[in-house]
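Structure record follows, encoded as structure tokens.
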Amino acid sequence: MYMAALAELNSRYTAKFGSGTPSTKFVPWFNHVNTTFNASPVVATSMMIWDIPEGGLKLVTAGTYRLGKSFAFKGETAITIEGNDIILDLSGHCLNMCGTGVGIRVKDSIGVTVRNGTVKCGKLHGIFIEDSAVVTVTDVKVCKLQNSDSSLTPAAILANVCTDVTVENVTVCNNRACGTSMFGVLFTVVIGCAVKSSHFCCQHNHDGATAAVGHILCDAIEVSDVHVREYSSGFGVNFDAEGHTCIGILPVYTTNILIEDCAIRDIAGSCDDAHGISVFLCEDALVQNCKVNGVTTGKIGKTSAKTTGIEIYATNAEVTDCCVHNITATNPGDRQCTGFSTAKSDNVLFDSCRASCVTVFDVRGNINKKAAGRGMGFGWAPDPRATFAEPSTNVTYQDCTAVNCQVGFDTWYHIDSTWTNIKCCNTDQKVLICPNGKRTLTCNRCSECPGGMVTTLTNVATGNSVEPCQC
């Protein structure tokens, strides 16, 4: 069943994005498969767990297992679940991993629930789910992951090659890494997955990318009533990192997406991108009733790429009833920050959305310096790399409002798009139209261009219809 799911997603990937399997194109996301797990954990003989052996404990028989106390475990994997119809009830206790490995591993299982307790101080994953179906993680706190191995991608909760995985009423907090990337929750090659009514806070990657909720090569996903705050990334000497971005919610190469009723605030990038929500290279997405407050980048090193409240790279996407506020960037190589943006997209609707206080600063903290760039309420998502520097077609902005932005609406790199009933209040420029204009974008080793890059683009906007912006 699981290999069939992987084959189906591989087939979709190849049809849309070209040859090559996703697992080879996204090696950093799949490096957990090289992790060494306990070779021979002891099989549990009782439903009450009073002891976890040095080599770990394995649950194989259907039933409800309960922790009788909290544990400090120093091995590679504390508890492995490999069976069907199993409930692991932590009974309010704590599983302390003492800076090592994986707390709970679910493998080759159907109908598993992990609930009611805390997993903390792991190195790689608090909970790792693989090759399984119908798995629920609920009322669990995963915190204080610490990882300094730049070759690994830690995630508090990871699901890989699964179907029907639900994470609900979970808290993920106070995690730290110094490596390629780090996630609060990450799904890779999963069909049917949901994150509901959960909180993510206080996560920092000292030298790489970080995100709260990530999906890669997934289908039929839901992210609802999720709250993200105080996520940040840094930059040091890790030039092998895919980037140093900081993002709240990030689906990539994913289809059939619902993101609703989410609140994201205080997202701080170092010198790369920072976004509240980025729907990246996806299909069929709905983002509704989400709020983003406080996204910034460039305060470290006085350079950045760009920031966005909600960014869309997708085919068939709708963003409705969403608000973003206080989106800023310092000296961005992409020459802008944006409340709502889109690029490399087709058939996108922004409906009844509001962007406020979107501002670009130069290295001295000054604003309104065109050389540094401008803060756009709504516009194109710039990128100097040819793979991503593509226009968006058939984009509709209706009943949207820009307040306290340097530019209200930017039509650059839009084709056959419309702006109807748009409003601009206290903007330096209401609508920016630059036929055949040129923009020069740059990126550096921190922002995913190890050798540096300078690109000058000529505007290809055409066939657009723009109503006057009212206040």
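Coordinate-derived values only; no laboratory data. If you're wondering where the values come from, they're calculated on a predicted model, not measured in any experiment. Virtual Cβ from ideal backbone geometry, glycine too; neighbours counted across all protein chains shown.
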What number, in percent, do you get for the relative contact order of the range 241-394 if the mean sequence gap of Cα pairs under 8 Å and at least 6 apart is divided by its residue count? 19
Specify, per residue and in Å³, the volume enclosed by the convex hull of the alpha carbon atoms belonging to the range 330-432. 78
In a shell of Cβ-Cβ distance under 10 Å around Val102, excluding Val102 itself, what net charge do Lys and Arg (+1) and Asp and Glu (-1) give? +1
Please report the antiparallel percentage of the DSSP beta bridges confined to the range 2-339, to the nearest 5. 0
Step through the table entries Lys74/Lys141; Lys196/Lys291; Lys69/Lys141; Lys299/Lys438, compare each Cα-Cα distance with 21 Å, and write down the pairs that go over it. Lys299/Lys438
What label, among (i) 37, 25, 23; (ii) 43, 28, 19; (iii) 41, 21, 19, belongs to semi-axes √(5λ) of the Cα gyration tensor in Å computed from the structure on display? (iii)
